[in-house]
Amino acid sequence: MVLSRAASESDVSIHSTFASRYVRASLPRHVMSSCAFKMPENSIPKEAAYQIINDELMLDGNPRLNLASFVTTWMEPECDKLIMAAINKNYVDMDEYPVTTELQNRCVNMIAHLFNAPLGDTETAVGVGTVGSSEAIMLAGLAFKRKWQNKRKAEGKPYDKPNIVTGANVQVCWEKFARYFEVELKEVKLREGYYVMDPEKAVEMVDENTICVAAILGSTLNGEFEDVKLLNDLLIKKNAETGWDTPIHVDAASGGFIAPFIYPELEWDFRLPLVKSINVSGHKYGLVYAGIGWVIWRNKEDLPDELIFHINYLGADQPTFTLNFSKGSSQVIAQYYQLIRLGNEGYRNIMENCRENAMVLKEGLEKTGRFNIVSKDDGVPLVAFSLKDNSRHDEFEVSDMLRRFGWIVPAYTMPPDAQHITVLRVVIREDFSRTLAERLVLDIVKVLHELDTLPAKISAKLAVAEEEAAEKKEVIKNGGHLKKSDLETQREITNAWKKFVMAKKTNGVC
C-alpha cells in the first residue's frame, strides 16, 4: 500500500523557492526608509534568504560599468579562489596565521622597493597594510603629528596648533584626518585651467606649525600628478632659510601603482629626500578588490615608537599600528598574488593598456566637437571632460541620461576657486576594454542628440513659471477658485502619469 500525505506549508524543500510563502510576503520594512527595518521573529530557509537578497541586489548598478570608481572590479578566477579560501582568517591573529603575516611583510618590502626606499640588502622596510588609503593617511598623519609634537616639546615651544598644507583637490580622507585629530587643514585654492596644488603657493603657506605638506600623485578630479619634485626643491630651500625641517607625504592612492611602470623617470617618491611616507591603494591600480591599502615610511626614524602597540593575548608578542583591530586576510593574500603573478612586466602592460584606452575615449569625445578635455594625457588613465556649451543642457543631464544605457559616469563641480567648472569623469580600469570605450562614445553621442531635441532647462522653467502665473490670474478672476472641466482634469492626470513614467525610464538602469 502506498502511503501519502499532504505537503504542509513548512515542507519548503519540495517547493520552488518562488512558490513558497517566504517570497510572497514582503519583509517588515518601511517603504521609503530602512530606519523601521526590524529583525524578523522567525527563521526562513537558506534558499529563500538567498533569493530575496539576490533579487534586491539585481537593482544595483553593474560594478564594471561604474566608471566613477577607481576601485578594482575584476580579478582572475584563481585569485578569487584564494580570496574565498581565506575569507574566515582574521589577519590580526598573526601567531595563528604566520604565513599570512609573512605575505604582508613581503608586500610591504616589494612596494617599498617599487617606491625606491633607501633600504640596504638585509634591511626590512617599514610599512603596514590597511583597509584602504584613508586609514593609511590617518596613520601617516599621526606619525607626522607626533614627531612634530615631540620636537616642539623638546624645544620648549607650543605644540597645540599643528597644520597640514594640501591642495583643495585632496580626497575627503584628508579633511577627516584634520577634523578627527585636530589638525588645521590649509588648502591651496585651485583656479580655472590649473586643478592641482601649486607647489609655490603651498610652500608660501608653510609655517613653523606645519607637520607636513601633502602632495597628490593622481588627483581624484582629473588624474593629474602634482609636481612633487618642484615641491621638494622649494621646501628644501625654505627649510634652509628658516631652520625648519618640514617634510612631505605623497598621497599616491591612485598613481602609486602607475608611475613606477609607465613613468619610471618621474621623481616623486623616496628618491626625493623630504618624502618621508607614501600611501597607495592596493584596491585601485594595485588591482585588488576593495579593502586594501598600504603606507610605507622612509625609515624607522619616521615612525615614532610610541605609536606602535605590542599585544600578547593572541599567543605571542605582536606589534600593531592600525586604527582598527580585526580585519580579513583575503585582500592581503590577493595583493601578494597580483605582485608575484604580474610582476613588473604584467603591471606595465596593464597600465599601458589603460592609458591607450583612455586615449581612444579622449579622441572619440574630441571628434564630437562638443567637449573640452580637462584631464592630462600623463597621469592616472582617466578622461575628465566638460561641455563646450552647457547653456541649454549641462553635464548633470548627460550623466543622468547615460544611466539608461547602464553607464555610471559622475558629474561634479570643481573645488574652490574653480567651482564654476563642471566636469564628467570616466576612470579607465583594467577591465575597461577598447570595445567598451568605443561603445561609450556612441552612447554619449546618442545622449547628446536626444538632449538636442529637448527644450533647454531654463526654457522649461520659464514655461512652467508662465503657466503658473496664468493659473494664478485665472484663480483671481474666479474669486479664488480655479475652475476646470472634466476633460482638463483628465488631461492633468494623464500628463502627471506620463511624467512619472518618463522619470522612471530616465533614472533606471538598463
Going through ARG146, ARG152 one at a time, which residue ends up being in a helix (DSSP H, G or I), surrounded by fewer than 20 Cβ atoms within 10 Å (Cβ to Cβ) and touching a residue at least 60 places away in the same chain (Cβ under 8 Å)? ARG146
Verdict on ILE111 being within 21 Å of LEU266 (Cβ to Cβ) and in a helix (DSSP H, G or I): yes
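Given the options ILE421, ILE458, ILE444, name the one that is closer than 27 Å to ARG191 by Cα and either of a type outside the set (Ser, Thr, Tyr) or modelled with pLDDT under 95 (or both).
Result of the check over ILE421, ILE458, ILE444: ILE421.
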Output the residue which, of all residues in segment 353-396 that are open to solvent by less than 30 Å² (accessible area, probe 1.4 Å) and under 14 Å from VAL447 (Cα atoms), is nearest to the chain's Cα centre (by Cα). GLU395
Taking segment 53-97 on its own, how many of its residues are closer than 21 Å to ALA253 by Cα and charged (D, E, K, R)? 1
Please verify whether segment 82-89 includes one or more residues that are touching a residue at least 24 places away in the same chain (Cβ under 8 Å), assigned to a loop (DSSP other than H, G, I, E, B), in contact with a Ser or Thr (Cβ under 6 Å, 6 or more places away or on another chain) and open to solvent by less than 30 Å² (accessible area, probe 1.4 Å). yes
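Can you tell me which residue in segment 412-428 is most open to solvent (accessible area, probe 1.4 Å), limited to those that are part of a strand (DSSP E or B) and within 23 Å of GLU356 (Cα to Cα)?
Narrowing segment 412-428 to residues part of a strand (DSSP E or B): 412-413, 422-427.
Now narrow it down to the ones that are within 23 Å of GLU356 (Cα to Cα): 423-427.
Details: VAL423: 0, LEU424: 0, ARG425: 20, VAL426: 1, VAL427: 1 Å².
For segment 412-428, the residue satisfying everything is ARG425.
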Can you spot a residue in segment 245-253 that is more than 27 Å from the chain's Cα centre (by Cα) and surrounded by fewer than 22 Cβ atoms within 10 Å (Cβ to Cβ)? yes
Of all residues in segment 159-171, which are in contact (Cβ under 8 Å) with a residue 24 or more places away in the chain and open to solvent by 40 Å² or more (accessible area, probe 1.4 Å)? LYS161, GLN171
Members of segment 117-136 found to be over 20 Å from VAL92 (Cα atoms) and surrounded by 18 or more Cβ atoms within 10 Å (Cβ to Cβ), listed by number: ALA117
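Could you list, in sequence order, the residues of segment 214-228 that are assigned to a strand (DSSP E or B) and open to solvent by less than 20 Å² (accessible area, probe 1.4 Å)?
In the first step, residues of segment 214-228 are kept if they are assigned to a strand (DSSP E or B); the result is 214-217, 225.
Correct list: ALA214, ALA215, ILE216, LEU217.
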Where residues in segment 402-411 are open to solvent by 20 Å² or more (accessible area, probe 1.4 Å) and part of a helix (DSSP H, G or I), which of them is nearest to VAL188 (Cα to Cα)? ARG403
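From ALA253, ALA316, ALA290, grab the single residue that is part of a loop (DSSP other than H, G, I, E, B), at pLDDT below 95 and either aliphatic (A, V, I, L, M) or within 20 Å of VAL108 (Cα to Cα) (or both).
Going through ALA253, ALA316, ALA290 in turn, just one is part of a loop (DSSP other than H, G, I, E, B), at pLDDT below 95 and either aliphatic (A, V, I, L, M) or within 20 Å of VAL108 (Cα to Cα) (or both): ALA316.
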Subset of segment 172-196 that is open to solvent by 70 Å² or more (accessible area, probe 1.4 Å) and part of a loop (DSSP other than H, G, I, E, B) - its residue that is nearest to ALA143 (Cα to Cα): GLU182
If you take the residues of segment 272-296 that are aromatic (Phe, Trp, Tyr) and surrounded by 23 or more Cβ atoms within 10 Å (Cβ to Cβ), which of them is farthest from LEU119 (Cα to Cα)? TYR285
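The values are calculated or read from the model by the stated rules, or taken from the named source; none is laboratory data. Since this is a predicted model, take the numbers as computed values, not measurements. Every residue, glycine among them, receives a Cβ derived from its backbone with ideal geometry; neighbour counts consider all protein chains shown. Accessible surface areas use protein heavy atoms only, side chains included; no ligands, DNA or RNA. Shrake-Rupley method; radii C 1.70, N 1.55, O 1.52, S 1.80 Å.
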